[in-house]
Amino acid sequence: MSLPSRFNAWITLNRACNLRCKWCYAASTQFAQTSNMSMKTFSQIVYVLSGLPIGRVALIGGEPTIHPEFWKMTRLLKEAGAKVALVTNSIKFADVGFLKQTINAGVSGIMTSLKGGSPLAYLEGTGSSSAFSKVTRAIRNIEDSGIPHEVSITACESTMQNFAEIVEAVKASGVQYFSVDTERPVMLKGGLEPGNFPNCPKIAAFLMSAYPVLVQSGLNFCIKVSIPFCHFPEGFIQQLRDGNHLSSGCQMINGSGLIFDPTGNLLACNHLCENPLGTLGIDFSDGEGYYAFRNRPDLASFYKGMGTCPNQRCVECEHWTLCGGGCRLHWLCAGADELLGQFLKKGG
Amino acid sequence: MNAQELFARKYTGSNLEAPAPVTGCKVQSETSGMICDCDPDE
């Protein structure tokens, strides 16, 4: 299998956060305040990335904006020629001065991860009643700054129930672009977290109910589909495609992502945070070393497997290239009987 | 256990040769300029 001509990278600066989302996998580390990535590790990562064809580097967490060396790290990446994106809960951007400093440091795009659509939803979901007003102020600040921005929500049990409220809040905040993702499994201690993870039919039913709400809102939006397409009526997928609302596929399937955790472990996906592929400084130390690492038999076999069809029905399916059989994390937790649907008839 | 071993032990898929590479569907937002793809977000 040939390697991608371009990679994207995600650097997890910390597991610490200024929220306590009850669904977050970082809860398993008690949102560890001691988990900040060191400047030394960060510099080593930048050195590796500078030797690779990198399209975009996203800073993620935890909450990257509370890392004590957040701006210094951003500047280092920018000076190395990277296009720097930020995935954040945006609470810190309620302070317009903090936002300006962040943009000046070199962040060129922000994705705000929204947790709910009201103060009560934030209190119940994140433990903070004041966070909602800070986030709505932050969103206005970001939009006013003109920096590329999208607001994203990852639908879990609680946000699925309050989706209409969330859409109203997003619309009221003046956001230009909204993306809807759905929760994916996280492997912790060898098992699935959270235990009450919604199954594929439930996720499909939610997305089909969310779509008309989004259309009616007038928002510019996309829906990230990470379950097999065969859980929907075929017309629904076509409707999403026709409206430029469909986002699908995954860096793990095409092998184009480098994800680093705060200690320098290289992950296949942040949802596999306890199961690294390798370690910076041991398995590779520069771009050339990364290529050699990727060509190692166990890595080559892993990524070759990611690109294969998980079931004969996928081999024969006309949607394969866009669907890819869905997120591979689902396939760690269940088999084809549960994970593949039947292309529902309209209204079915 | 590393990811390679985890998948070797627990993956339920069949590793059948794919008819074509998975490209996925990427949406480029005209307003934000961001590309929505599968972000391993927080």
Unique residue being closer than 26 Å to A:Gln216 by Cα and either assigned to a helix (DSSP H, G or I) or out of contact with any helix residue (DSSP H, G or I) (no Cβ under 6 Å at 6 or more places or on another chain) (or both) when the list is A:Met111, A:Met73
A:Met111
Could you count how many residues in the stretch A:279-321 are surrounded by fewer than 18 Cβ atoms within 10 Å (Cβ to Cβ), in contact (Cβ under 8 Å) with a residue 24 or more places away in the chain and aliphatic (A, V, I, L, M)?
1
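Regarding A:Gly55, is this residue within 30 Å of A:Ser173 (Cβ to Cβ) and in a strand (DSSP E or B)?
Yes; evaluated as a whole, the condition is true for this residue.
Filter the stretch A:63-76 for residues that are without any contact (Cβ under 8 Å) to a residue 60 or more places away in the chain and either within 14 Å of chain B (Cβ to nearest Cβ) or not β-branched (Val, Ile, Thr) (or both) and give the result.
Here is the first cut: in the stretch A:63-76, the residues without any contact (Cβ under 8 Å) to a residue 60 or more places away in the chain are A:63-72, A:74-76.
Within the stretch A:63-76, A:Glu63, A:Pro64, A:Thr65, A:Ile66, A:His67, A:Pro68, A:Glu69, A:Phe70, A:Trp71, A:Lys72, A:Arg75, A:Leu76 meet the criteria.
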The stretch A:54-101, residues that are of a type in the set (Val, Ile, Thr) and either crowded, with 22+ Cβ neighbours inside 10 Å or in contact with a strand residue (DSSP E or B) (Cβ under 8 Å, 6 or more places away or on another chain) (or both):
A:Ile54, A:Val57, A:Ile60, A:Thr65, A:Thr74, A:Val84, A:Val87, A:Thr88, A:Ile91
The lone condition A:Leu246 fails out of (1) within 7 Å of another protein chain (Cβ to nearest Cβ); (2) over 20 Å from A:Gly55 (Cβ atoms); (3) surrounded by fewer than 19 Cβ atoms within 10 Å (Cβ to Cβ) is (3)
Among the residues of the stretch A:303-322, are any small (Gly, Ala, Ser), under 22 Å from the mean Cα position of the chain (by Cα) and more than 7 Å from chain B (Cβ to nearest Cβ)?
no
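None of the figures in this text is laboratory data; all of them are computed from the coordinates on show. None of these values were measured; they are calculated from a predicted model. Here Cβ is always computed from backbone atoms with ideal geometry, including for glycine, and neighbour counts include all displayed protein chains.
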